[in-house]
Amino acid sequence: MLTRTGTTPLAPVSGRPYRPGGTVRLTDVERDMAEGGHGEAVAAAMDLLIRYGDILGAGRLVETGNVCGANIFGPRHSRVYGDADPVALFSEFSLDSATPLDVPPMRAHSCQLIGPYDPANAELQGLDDATLDEITRSERYLASLGVSLLNTCTPYQVGNVPARGEHCAWMESSAVPYINSLLGARTNTEGRESTAAAMVTGRIPYAGLHLTENRYATHLVRVGTPVESTFDWSVFGYFLGRHLRHEIPVIAGVPGGVDPVSLKQFGASANSSGDVEMYHIPGVTAEAVSVEHALNGRPPVAELRFTRRDHEDVVEQLNSTATGDDIQFVMIGCPHASLGQVLEVARLLDGRRVSDSVHLWVYTPSALREVARRNGWVDIIERAGGKVWADTCPAIGQFVPPGTKRFATDSAKQVHYLPAIMGVEGRFGTTEACVRAALTGRWAA
Ligand code: F3S
């Protein structure tokens, strides 16, 4: 069960900023936390949050009861530190302490995000027993502190659905626009350190998208070509990110409702080509009654129009690394696939066989993989020669099937990152086109 704070009332904070030259003022309780009254780990976390808050120009901290942060055991750490103790790793890399700290149970409800490994596919990833042991120790340590091991970039698909107005501290660029926009929760795009400090203290700087005045739209976007399928929304998101960077758009001209899976893909795309942490779609997202309301009655800074030509340009750009059509790897599930997306792959495969020259891997949260297994969909995918992964993805795990020269995906985010991370070529198209490529070994969108 999640602990939710709703819209946290702001306790009055008076007096000088905590540090000379800083901006952050503290309540009496927070001052006590910062000065060691709640233990060394809480003091280290407060120190980190105050430094961070001062940089952001925050006047105060705000209480949070919902934090989604990084896996301790990243590929970087495993390579450098081998069998280092998770306590030391968490203290150094998450709380900026050179000495191991005695961390108390997490004050905020906390979730671990996606990591670099899927222990269920350990052999494929080449994980040895020592590495598996390290992952297990790391997870046991976090679990002992009360961190939920959701191990996904889409916690909102597996039970962590923040309420409207809830102050959160979430990492993960695809999840941030989803909860800010669709759900109306409030988070900035946090990092490993700030989420760890928020877990320990139940606080985050009250800045950026935590403040109502920063959540209004600045740009008006008109849709001049049908945006209907999940694929269209992925393409549209990538277009927006390219043009807006970090501004907040309100999108006009979207007829009817939009399904959450399309918005999952949309936010991931927009926050790959750009830094779109929030958007408004009147009648769809939580805080937009109308275009005027989303703009807070002000004229837009600028207007954009998404046309058929823009759609084609994005698709062309996202296929631009490919020098040929033979495919060795098909990746579905970035952000982690919904149950409906897993079912779609199973249906497209049913009775067919993945080409011997292709690996078809579908990525989903482990909780959804379990449900998909009970539904028989994992079995259908595996009988066809595919695999269903959890806990990781190729970009985070930095792992593709050996021999991959070119991969295909229905995710704009994955095709944006994977060629740069893994030195492979990418093809981008609909889920159907990707499954077709898995069956034939050829791209024919
Ligand atoms: Fe999730 Fe990995 Fe994509 S973290 S959003 S599946 S790049």
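The values are calculated or read from the model by the stated rules, or taken from the named source; none is laboratory data. Everything numeric in this text was worked out from a predicted model, so none of it was measured. Glycine also receives a Cβ, built like all others from the backbone with ideal geometry; neighbour counts cover every protein chain displayed. Ligands, DNA and RNA are stripped out before the accessible areas are found, and what is left, the full protein with its side chains, is counted by its heavy atoms. Shrake-Rupley method; radii C 1.70, N 1.55, O 1.52, S 1.80 Å.
Each residue in region 276-305 was checked for being touching a residue at least 40 places away in the same chain (Cβ under 8 Å), within 19 Å of Leu209 (Cα to Cα) and open to solvent by 60 Å² or more (accessible area, probe 1.4 Å), and 3 pass.
For region 29-47, filtering for residues that are of a type in the set (A, V, I, L, M, F, W, C) and surrounded by fewer than 19 Cβ atoms within 10 Å (Cβ to Cβ) leaves 1.
In the set (1) assigned to a loop (DSSP other than H, G, I, E, B); (2) farther than 19 Å from Ser269 by Cβ; (3) not aromatic (Phe, Trp, Tyr), Ala445 fails one condition alone, (2). Taking the criterion of being under 21 Å from the mean Cα position of the chain (by Cα), among the small types (Gly, Ala, Ser) and on the phi > 0 side of the Ramachandran plot, the residues of region 200-256 that qualify are Gly202, Gly208. For Gly69, the criteria (1) touching a Phe, Trp or Tyr at 6+ places or on another chain (Cβ under 6 Å); (2) within 16 Å of the ligand (Cβ to nearest atom) hold in every case but one, which is (1).
Can you confirm whether Pro226 is over 24 Å from Glu92 (Cα atoms) and either open to solvent by 10 Å² or more (accessible area, probe 1.4 Å) or modelled with pLDDT of 95 or more (or both)? So Pro226 fits the description; yes. Residues of region 213-236 being of a type in the set (S, T, N, Q) and touching an Asp or Glu at 6+ places or on another chain (Cβ under 9 Å), which ones? Answer for region 213-236, where residues must be of a type in the set (S, T, N, Q) and touching an Asp or Glu at 6+ places or on another chain (Cβ under 9 Å): Thr218, Thr225, Thr230, Ser234.
Could you check Arg215 against (1) within 29 Å of Trp443 (Cα to Cα); (2) open to solvent by less than 10 Å² (accessible area, probe 1.4 Å) and say which number it fails? The single condition Arg215 does not satisfy is (1).
Strands (runs of 3 or more DSSP E) fully within region 192-269 that include at least 1 residues being charged (D, E, K, R): 203-205, 219-223.
Applying the condition of being more than 16 Å from the ligand (Cβ to nearest atom), in contact (Cβ under 8 Å) with a residue 60 or more places away in the chain and open to solvent by 10 Å² or more (accessible area, probe 1.4 Å) to region 184-193 and asking which residue is farthest from Phe93 (Cα to Cα) yields Asn188.
Specify which of the listed residues (Gly397, Gly386, Gly429) is over 22 Å from the mean Cα position of the chain (by Cα) and open to solvent by less than 20 Å² (accessible area, probe 1.4 Å). Only one candidate passes the filter, namely Gly386.
Okay, residues lined up against (1) over 23 Å from Ile248 (Cα atoms); (2) within 16 Å of the ligand (Cβ to nearest atom):
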residue: Ala169; (1), (2): no, no
residue: Ser173; (1), (2): no, yes
residue: Pro177; (1), (2): no, yes
residue: Leu182; (1), (2): no, yes
residue: Ala196; (1), (2): yes, no
residue: Met199; (1), (2): yes, no
residue: Ala207; (1), (2): no, no
residue: His210; (1), (2): no, no
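The residue of region 148-160 that is farthest from the ligand (Cβ to nearest atom), among those that are over 12 Å from the mean Cα position of the chain (by Cα) and touching a residue at least 60 places away in the same chain (Cβ under 8 Å), is Gly159.
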